[in-house]
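The structure appears below as structure tokens.
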Amino acid sequence: TPARAEESGGRTAAASASYVTPLVRKLAHSKGVDLSTLEGTGVGGRIRKQDVEAAAQAAEEAKSAPK
Amino acid sequence: MADQQVYDIVILGAGSGGYAAALRAAELGKSVALIEGDKVGGTCLHRGCIPTKALLHSGEVADTIRHSEGFGVKGSFEGIDMSAVSAFKDGVVSRLYKGLQGLVSSRKIEVIHGWGKLVAKDTVEVDGKHYQGKNVILASGSYSKTLPGLEIGGRVLTSEQALELDFVPEKAIVLGGGVIGVEFASVWASFGTEVTILEGLPNLVPNEDISLSKALERAFRKRKIAFKTNTRFAGVEQGEDSVTVSTEDGKTYEADLLLVAVGRGPATSNLGYEDLGVTMERGFVITDERLRSSVDGVYAVGDIVPGLQLAHRGFQQGIFVAEEIAGLEPAPIVESGIPRVTYAEPNVASVGLTEKEAKEEFGDDAVESLEYNLGGNGKSQILQTQGFIKLVRQKDGPIVGVHMLGDRLGELIGEGQLIVNWEAYPEDVASLIHAHPTQNEALGEAALALAGKPLHAHS
Amino acid sequence: MADQQVYDIVILGAGSGGYAAALRAAELGKSVALIEGDKVGGTCLHRGCIPTKALLHSGEVADTIRHSEGFGVKGSFEGIDMSAVSAFKDGVVSRLYKGLQGLVSSRKIEVIHGWGKLVAKDTVEVDGKHYQGKNVILASGSYSKTLPGLEIGGRVLTSEQALELDFVPEKAIVLGGGVIGVEFASVWASFGTEVTILEGLPNLVPNEDISLSKALERAFRKRKIAFKTNTRFAGVEQGEDSVTVSTEDGKTYEADLLLVAVGRGPATSNLGYEDLGVTMERGFVITDERLRSSVDGVYAVGDIVPGLQLAHRGFQQGIFVAEEIAGLEPAPIVESGIPRVTYAEPNVASVGLTEKEAKEEFGDDAVESLEYNLGGNGKSQILQTQGFIKLVRQKDGPIVGVHMLGDRLGELIGEGQLIVNWEAYPEDVASLIHAHPTQNEALGEAALALAGKPLHAHS
Ligand SMILES: Cc1cc2nc3c(=O)[nH]c(=O)nc-3n(C[C@H](O)[C@H](O)[C@H](O)COP(=O)(O)OP(=O)(O)OC[C@H]3O[C@@H](n4cnc5c(N)ncnc54)[C@H](O)[C@@H]3O)c2cc1C
Ligand SMILES: Cc1cc2nc3c(=O)[nH]c(=O)nc-3n(C[C@H](O)[C@H](O)[C@H](O)COP(=O)(O)OP(=O)(O)OC[C@H]3O[C@@H](n4cnc5c(N)ncnc54)[C@H](O)[C@@H]3O)c2cc1C
């Protein structure tokens, strides 16, 4: 049943996207970045260190922008 | 004719891949039939990883005695007692075999003894009985290949027979300088055999980063293990007391034995796979990254799936498929993140990309590498081993490859595996000063140097 | 009277802490005066880590020969040649010493030979000359302590003299069952000495997780190393041919030698520290988490700072202070994240919190732990070593402690260090199936079991 295969293919991408390495988790924690809001740019949607750093910087800029 | 019971999973072959799948599936509450024609444990336990590493350790012991005076210990080496070596090796295997059998039975896995054949996409037949499963995992493993015109028998062995030798050959030829060939060459050299390796490609362990191949060649030269690279097999003749190998360049080599170590082929013929429409290539089962074959509900794991033929890859794939079937949606396995160890003296160990692969992937200018020599590593100096650790990183990015050579360095690959798979930057490792004086400290020093802050390294 | 030049940094003492600070500071472009009264390298290189590990390796070689028959290797152990052992040990030290000297001079660090004294908060005096620095790092290290009424001399030694012995004692008493005592006990037992350890606390290696202490005690019992815990020293008498130790419980012990291994005290007296207002406690220099003493511009690193007395802690602190002075704002060092290895046979290795410490920190119900026995680990079976790996995790949280015992397991501490310091969850490690058959695989198996998915482990 091709439908089933497709469905599980979809779930798959979501599942691997949520996988983060301990280093990224730790970094996100220390920078106050919520990982669930991030779109990973790594293999299979994996969230990388750069993604967290970019998000942290964006948050920083957003904070200082209104002033 | 079919058995009453329909299992959640029927697994064909109880080697590393098959039994790992069975163990994990049972943990997840699945009913499992595990079909094995020979012994649970497969190649790795009975005629692969474990017995070869036992021999290598006996070899290490022999070399330790030979070199003991340099450490102030008076001792004499009086020879190898092959029957005692075998007793040691067989003892280790049988203890682990017992443990594994206990494990399998404690998890309530049904083991079916006999040779099976896939007769429907959900059914394996064994001795006329049908075992039906909602899912089938093919895990029939591999066998020692040979070359055209090279028949196994007499003085011409594969690893299976080489493991059962009851004497130490005086002279041996090893055909193939890959992992298995190099490991046997190391064992025999330690046992006192005069060894010559013949390898068709330009280097020993040709899949490794070229720096490792070259360093292994240097180390083998020092150990007086002869090797001819770029040398192709032409023919063999067995005499009364010797075997003679001729090569394409017209040379001949004589020895007591010839070990054929030219790779392992997938054990997939006549098992019904093709008949049921499973897509195959050169005997291997083709799967997607979720290890699904072309036939719905049929998975494949281990040596029959193209890629690294390693026991722990089989474990990892087996676990993956069990979790996949149970709906846990595991993340796909990254093949390059699987650690690789050649347990010769010296060890060769790597994980991630070679420098060449990294350059292919990221571009020539986007890769940096660093070699840290064990000359600066206190513990390696104490062990009197030479070697190095090479790190490959993406410029301004993570470490993507760890490559090591030296006695005992195979044990550092666990740390290398975390570094590469967790995409650590050199700085992440460098900030953690390693325990002094250890060999793993060399990994820390390499990271320090790559991070631009060398400690015990000339910058 | 003051020298013309004002250095960026003046460092008093060129042991692990001092020279690491010097090397890193020089890399960062700072001018450095490194003052050393004895030899660059300090305790660790000349009379600590390196020479003891050389002896331990000679001991390992001796034991390998003794047990070689079990591996099928015929050999005979014919004794220890102490002058050759010393030559080996001294050879390793002098090669590393040469390397270190080369490193120090290549980085243009000015080494001042002589004994220094802090005479102003920015000035150290050596042989009447003043060396002024914008910053001063105190790194004067430690010395072997003894007990009241226990004078060193004759048959009563500290580790310094024990390293220079030119014979193997028949019987030895080791006072103190901490790291240094246990390591010497292991060396001597391997060399054939009858050893008795006397320890005042209830266990050997009393700072370790209790499970490690108990396992080491079992292993030592098997090795016929005697030990008396809860046993306090009362007095010692030296005779013509022997030394007799009496303990508070009224017992006496006789031997050829007594090794006093009751800890190391900070080498800080009469160096001007107190006079200049540096806050001290029981001889240690008190610092904040950035290693600043109470006096502005004066830092302290290594064994004079309360905490673990380990060479790599000294390295890490030295690097930290150099980076701090250079304005890099390094993250403070987490003391519990520093790896600890006792290089006896078997090795004891740990990083992070013991189970007890974890419970104190997180609460009794918020901690989980798991022991993976090496009986299931193929490579350890081949090496015929017993032991285990214990992981401690915060419930639903990361692994906070890794504790290991077994031959060669000290090398796995690098991986343990990454796990604990990077706050990995058991699942993070479990998903990376380790290389088979290695000892580091046991770490992977322990993580698998702790993650609730045991592979080669009875669940
Ligand atoms: C000499 C040597 C040394 C090695 N050393 C190492 C090492 O150190 N580290 C490492 O990682 N790898 C090593 N390997 C490789 C490792 O052994 C394999 O990668 C691993 O065994 C593959 O597992 P598998 O489950 O795919 O197949 P196998 O282990 O080959 O298991 C397949 C099982 O299926 C059974 N079977 C096959 N067909 C049928 C059938 N029709 N019916 C019933 N049962 C069937 C077989 O009897 C066998 O038990 C070594 C291999 C060799 C030969
Ligand atoms: C037997 C033994 C085994 C050990 N094994 C290990 C091990 O395996 N792993 C490990 O991590 N640690 C080990 N240690 C501990 C390790 O040696 C110390 O932690 C480390 O040396 C501390 O470094 P440091 O720089 O603080 O002091 P030190 O290494 O003691 O260096 C201090 C230096 O300062 C010099 N100095 C002192 N006062 C003056 C002065 N007034 N003027 C000029 N110079 C001065 C001294 O000459 C010395 O060179 C061992 C220690 C011993 C004794």
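A:Tyr19 meets all of the listed conditions (1) modelled with pLDDT under 90; (2) outside any loop (DSSP other than H, G, I, E, B) but one, namely (2).
Under the condition of being among the charged types (D, E, K, R) and assigned to a strand (DSSP E or B), which residue from region B:100-124 is surrounded by the most Cβ atoms within 10 Å (Cβ to Cβ)?
Taking region B:100-124 first, the residues among the charged types (D, E, K, R) are B:107-108, B:110, B:117, B:121-122.
Then keep just the ones that are assigned to a strand (DSSP E or B); that gives B:110, B:117.
Values: B:Glu110: 17, B:Lys117: 15.
Out of the qualifying residues, it is B:Glu110.
Where strands (runs of 3 or more DSSP E) fall wholly inside region B:205-272, the ranges with 2 or more residues that are β-branched (Val, Ile, Thr), surrounded by 16 or more Cβ atoms within 10 Å (Cβ to Cβ) and away from ligand 2 (no atom under 16 Å from the Cβ) are B:243-247.
Kindly indicate the residue of region C:155-178 that is under 20 Å from C:Leu308 (Cβ atoms) and buried (at least 24 other Cβ atoms within 10 Å of the Cβ) and also nearest to ligand 1 (Cβ to nearest atom) among those meeting that condition. Of everything passing the filter in region C:155-178, C:Gly177 is nearest to ligand 1 (Cβ to nearest atom). Pairs linking a residue in region B:197-211 that is over 21 Å from B:Ser369 (Cβ atoms) and assigned by the TED database to the domain that holds B:Val351 to a residue that is surrounded by fewer than 16 Cβ atoms within 10 Å (Cβ to Cβ) and of a type outside the set (A, V, I, L, M, F, W, C), with Cβ atoms under 9 Å and 6 or more positions apart or on different chains, do not occur. Filtering region B:301-315 for residues that are under 22 Å from the mean Cα position of the chain (by Cα), more than 10 Å from ligand 1 (Cβ to nearest atom) and not small (Gly, Ala, Ser) leaves a non-empty set. When C:Ile152 is tested against (1) surrounded by 19 or more Cβ atoms within 10 Å (Cβ to Cβ); (2) within 16 Å of ligand 2 (Cβ to nearest atom); (3) closer than 28 Å to C:Gly192 by Cβ; (4) in contact (Cβ under 8 Å) with a residue 60 or more places away in the chain, exactly one condition is not met: (1). More than 7 Å from chain C (Cβ to nearest Cβ), within 20 Å of B:Arg107 (Cβ to Cβ) and either away from ligand 2 (no atom under 16 Å from the Cβ) or of a type in the set (Gly, Ala, Ser) (or both): is that true of B:Ala14 in this structure? For B:Ala14, the condition - more than 7 Å from chain C (Cβ to nearest Cβ), within 20 Å of B:Arg107 (Cβ to Cβ) and either away from ligand 2 (no atom under 16 Å from the Cβ) or of a type in the set (Gly, Ala, Ser) (or both) - is met. From the residues in region B:420-439 that are without any contact (Cβ under 8 Å) to a residue 24 or more places away in the chain and in contact with an Asp or Glu (Cβ under 8 Å, 6 or more places away or on another chain), which one is nearest to ligand 2 (Cβ to nearest atom)? Checked region B:420-439; the qualifying residue nearest to ligand 2 (Cβ to nearest atom) is B:Ala435. Restricted to strands (runs of 3 or more DSSP E) entirely inside region C:285-360, those with at least 3 residues that are in contact with a strand residue (DSSP E or B) (Cβ under 9 Å, 6 or more places away or on another chain) and within 14 Å of chain B (Cβ to nearest Cβ) are C:340-342, C:347-352. Tell me, please, whether a residue that is within 16 Å of ligand 2 (Cβ to nearest atom), at pLDDT 95 or above and within 8 Å of another protein chain (Cβ to nearest Cβ) can be found in region C:27-41. No, that holds for no residue. When region C:433-454 is filtered for residues that are farther than 21 Å from C:Thr354 by Cα, crowded, with 24+ Cβ neighbours inside 10 Å, within 7 Å of chain B (Cβ to nearest Cβ) and not polar (S, T, N, Q), the ones remaining, listed by number, are C:Ile433, C:His434, C:Ala435, C:His436, C:Pro437.
The values are calculated or read from the model by the stated rules, or taken from the named source; none is laboratory data. As the structure is a prediction and not an experimental result, all values here were calculated from the model. Don't worry about glycine lacking a Cβ; one is built from the backbone with ideal geometry, like all the others, and counts go over all protein chains shown.
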